[in-house]
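The values are calculated or read from the model by the stated rules, or taken from the named source; none is laboratory data. None of these values were measured; they are calculated from a predicted model. Cβ placement follows ideal geometry from the backbone for every residue including glycine, while neighbour counts extend to all protein chains displayed. Please note that ligands, DNA and RNA were not included when accessible areas were found on the heavy atoms of the full protein model with its side chains. Shrake-Rupley method; radii C 1.70, N 1.55, O 1.52, S 1.80 Å.
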Amino acid sequence: MNSILTFLHIITFISSHIVYGEKTTVISVPNNNNWLLVTTNDNNVKHDRKLTLINLIFVIKNDEQQEKLLKQKFDNVSDPSCDDYANYLNYNEIHEQYLPATTAYGRHVEQWLRSGKLQVKSTRNKEFLIVKSTVDVIERIFQTKLYDYEHKITGQRTLRPVQYQLPTYIHHRVSHIVGFDKYPYVKYKSHNSQITEKKSNSSAPILYRIGSGFSLFTFIMQLVCYDDQYATNSLCNNRFNGFNIILQSSTTKQLIQYNVSVIDSNCMICKNATPVIALYCGGFGLADNDVLCRFNLKEPKTIPNYKAYTIRVRTIFKSPNSYSQTAQYPSAVEKVTMITPDVLVSLYNVDNNVNNTDKRSRQAIVGFQEYYDKKAFKSFSNTYGKNVSLVLGNVYGDHYKDKTADETETSLDLQYMASMGSHIPTDYISSTSIFNAADEDFIGFFVQLAFIEQSKQPLVYSISYGEPDTDLGLVYTTLLNIHFMKMAITGKTVFVSSGDTGTSSTADRLYANKTYML
């Protein structure tokens, strides 16, 4: 509810003025507690307002009655019991038959923008107008001032107004302005809380994660010493002697124990750790002097895959030999093999015969603020694609070249979607910075779709990492839903994650121990 009220704040503070003989509407931009105003004496805040470029996307408003007819078309085309089922339209037909007012509104707004000497790029049906100009021109046209804001966690900077003005007749034709109405959504890794908490008078290790892959159990834990204190700058003054791992079958209740040596425990002081362990230290919020251990349990080769085990861990101390209290992982863990394309093809009986593949088939991965490495795709294809045909299609946008962005999700999705769709071209759409509008992922994606609609578009899309809708508010979410409906009416299928706890920046904060649909 708070996110909805916050977003509706923009509607609450609208007032009208007369400027140069023309009635205008003043729109106040809602505050965002994650973004802090940068003081003017900050040496980094020095923009040449005649050279610094600003990019805006005008999302044109739809007529409400026409939206209702569009919704009815969406329901009918998606209902197998309806005569209109699968009677798809292209984007041009959608706007001609269901949203003609949107195109007309867009023409009016475009004409006004061009009258102010602004550079405007329009989608064919005028539902999106992309504006690019310098700070001084933007401030003059919109009767505003742009201020520097800094994200309090990542340090990212952005320019935003406190309020701006539009001619009232233009305001009534604009649904949303990317770059004005909403602060950027920033992906960041929040510090994950430990699975087991440190208890007073307990020397049990702190378990952060126990996972499985490649037929191995992987343990990540923080070392606690015999005196019930966190290990600091040493392995408990050299009294650490490894870990005792206890596995109990969830079905047979059989107990299996393994001891992990000091060397195999791979415990390191965070400030002196390898890059991999240092990354986990930062991700879990450990101090520089804390000790984190990450290791694979190599011994249990006789333990069958896909069998659940309850896992408990004790620290072994020497002089004299003794055990710490026990830390138990809260959920059972299965030992699983490496999931290769061959495993999935066999498991799901995927047909790899090129003669059975429709030549019109095409699919796509949509990336949000992600780095895409073409070499990684080719390497995966050469290593694991011998029995399937991985076909890389078109790559749209250029933000995927940013090597500072996360790569994992994009690479994983592309590699496995291409594997399961053997012989089918798999496109990659980098939605965010297509028009330097990286602050609103989905609108950037919809703009890209509108521009490539005239080419051979994919009909299947995987979208698994976007801004959490609980942060968007009802008005903005409804705006996005209209464009998802247009995708469905054109016969496109969209796969998204569901039933998980959302993106990493919100999972711990909002959804602990709950299940939500994305």
Does THR144 qualify as being in a helix (DSSP H, G or I) and either under 16 Å from THR25 (Cα atoms) or over 27 Å from the mean Cα position of the chain (by Cα) (or both)? no
Can you name the number of the only condition in (1) farther than 28 Å from PHE445 by Cβ; (2) open to solvent by 70 Å² or more (accessible area, probe 1.4 Å) that LYS375 fails? (1)
Would you mind finding the one in LEU279, LEU292, LEU297 that is within 15 Å of LYS335 (Cβ to Cβ) and out of contact with any Lys or Arg (no Cβ under 8 Å at 6 or more places or on another chain)? LEU297
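Here are some residues: ASN76, ASN87. Which one is modelled with pLDDT of 95 or more, outside any helix (DSSP H, G or I) and under 20 Å from MET485 (Cα atoms)?
Numbers: ASN76 fails: outside any helix (DSSP H, G or I).
Going through ASN76, ASN87 in turn, the sole match is ASN87.
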Among the residues of the range 316-352, the number that are assigned to a strand (DSSP E or B) and touching a Leu at 6+ places or on another chain (Cβ under 7 Å) is 1
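Test of understanding: among SER324, SER319, SER346, which residue is assigned by the TED database to the domain that holds ASP264 and at pLDDT below 90? Spell out the reasoning first.
Working: SER324 fails: at pLDDT below 90; SER346 fails: assigned by the TED database to the domain that holds ASP264.
Residue meeting the stated conditions: SER319.
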